[in-house]
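A quick write-up on the structure given underneath.
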C-alpha cells in the first residue's frame with residue numbers, strides 16, 4: 001500500500017501539470033474571452049487530487065496479470081471521466097452547448113490519462129535501463 | 001587425462017578450464033561435480049529425486065503452497081517453502097522479487113518496465129518474471145552492493 005500511495009502522489013503532480021495545459025488549450029478554444037480570479041490556481045490542484053482517487057482501483061494485494069491490469073485501467077479511465085463530469089457539470093442535464101464542452105472535457109481527460117501513462121512509462125524505462133546497467137556491474141563484481 | 005593446476009594472480013577471477021576432444025558423458029560428469037561443489041538442492045520430478053546445482057537455478061516460484069525450481073529447460077519441485085530458500089540463499093546471487101518468486105540475478109539478461117509501476121526480468125533462457133513494486137527498492141539496493 002505504501003508503494004501505491006507513493007505512486008499515486010507522483011501521478012497527482014503529473015496530472016496537475018497536464019490539467020493546467022488542458023485548461024489553457026480548452027479555455028483558448030471554447031471561451032477565449034473568459035477572465036478569472038486567483039481562485040483559478042486552485043482548480044488544477046483540486047482536479048488533480050480528485051483525479052488521483054480512481055487510481056486506488058489499481059491497488060490489490062495479489063499480483064495482477066497484464067489482462068487484469070488493462071481491465072482495471074479501463075475502469076479507472078471510466079471512473080475518472082464520471083468524476084470529472086460530476087465536478088464540472090454537477091450531474092445536471094446538459095444543453096447543446098454544454099454537450100460540446102462535455103465532449104471536449106471527456107476527450108481531454110482521455111488525452112491526459114494517456115499522457116500520464118506515457119510519461120510514467122518513459123520514467124520507468126529510464127529506471128529499468130539504469131537497473132540493467134547496474135546489474136551488469138553487479139555481475140562483474142560478483143564474479144570477481 | 002593430464003591435470004594442470006596453475007596459480008593465478010589474486011586480482012584475477014578464478015576459473016576451471018577443461019580441454020577435451022568432445023563434450024561426452026565423462027566431461028559432463030566432471031562439470032556436474034564442479035557445480036555441485038558450489039551447493040546443491042535436493043528436488044523431485046516424476047517421483048524421482050535429483051540433486052541440482054544452485055548455480056543452475058533460474059528462479060524459484062511458489063504456486064498454491066508448492067515450490068518449483070526452474071532451470072534453463074527443466075522444472076523441479078521441492079518440499080522446502082519459499083521463505084526457507086530465501087533464508088538459505090541470502091547473501092548469494094538470489095533475490096526475492098515478488099511474493100512468490102526468488103530469482104537468480106546471474107541469469108537476468110535485462111530489466112524492463114511492465115505495466116502499473118512494475119518491472120520484469122528478462123532471463124537468459126527467454127523467460128520473463130515480474131518484479132512487484134514492493135520489491136523494486138530491494139532490487140535497486142542489492143544492485144548498489146558489491
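The values are calculated or read from the model by the stated rules, or taken from the named source; none is laboratory data. Quantities reported herein were computed from a predicted structural model and do not represent experimental measurements. FYI the Cβ positions are ideal-geometry reconstructions off the backbone, even for glycines, and counts take in every protein chain you see.
Within region B:120-138, the set of residues being touching a helix residue (DSSP H, G or I) at 6+ places or on another chain (Cβ under 8 Å) and facing chain A (nearest Cβ under 7 Å) comprises B:133, B:134. Restricting attention to region A:34-48, the residues that are loosely packed, with under 10 Cβ neighbours inside 10 Å and at pLDDT below 85 add up to 2. One residue stands out in region A:89-103 among those that are under 15 Å from residue A:26 (Cα atoms) and exposed (fewer than 15 other Cβ atoms within 10 Å of the Cβ): the one that is farthest from the other protein chains (Cβ to nearest Cβ), namely A:97.
Just one of the listed residues (B:84, B:77) is part of a strand (DSSP E or B) and away from chain A (no Cβ under 14 Å), and it is B:77. Annotation for region A:51-61: at least one member residue is exposed (fewer than 12 other Cβ atoms within 10 Å of the Cβ) and without any contact (Cβ under 8 Å) to a residue 12 or more places away in the chain. Reported count of residues in region A:109-133, each being within 8 Å of another protein chain (Cβ to nearest Cβ), crowded, with 17+ Cβ neighbours inside 10 Å and touching a helix residue (DSSP H, G or I) at 6+ places or on another chain (Cβ under 9 Å), is 2.
Considering region B:88-119, the residues that are more than 11 Å from chain A (Cβ to nearest Cβ) and surrounded by fewer than 19 Cβ atoms within 10 Å (Cβ to Cβ) include one that is farthest from residue A:137 (Cα to Cα), namely B:88.
Is it true that some residue in region B:22-35 is under 20 Å from residue A:135 (Cα atoms) and modelled with pLDDT under 90? No, region B:22-35 contains no residue that is under 20 Å from residue A:135 (Cα atoms) and modelled with pLDDT under 90.
Just to be sure I understand the filter: pairs with C-beta atoms under 9 Å, separated by 6 or more residues or on different chains, first member in region B:108-119 and at positive phi, second member assigned to a loop (DSSP other than H, G, I, E, B) and surrounded by fewer than 20 Cβ atoms within 10 Å (Cβ to Cβ). Which pairs pass? These pairs meet every condition: B:116/A:64. Could you please let me know if residue A:71 is in a helix (DSSP H, G or I) and within 14 Å of chain B (Cβ to nearest Cβ)? Considered against the rule, which asks whether it is in a helix (DSSP H, G or I) and within 14 Å of chain B (Cβ to nearest Cβ), residue A:71 comes out as yes.
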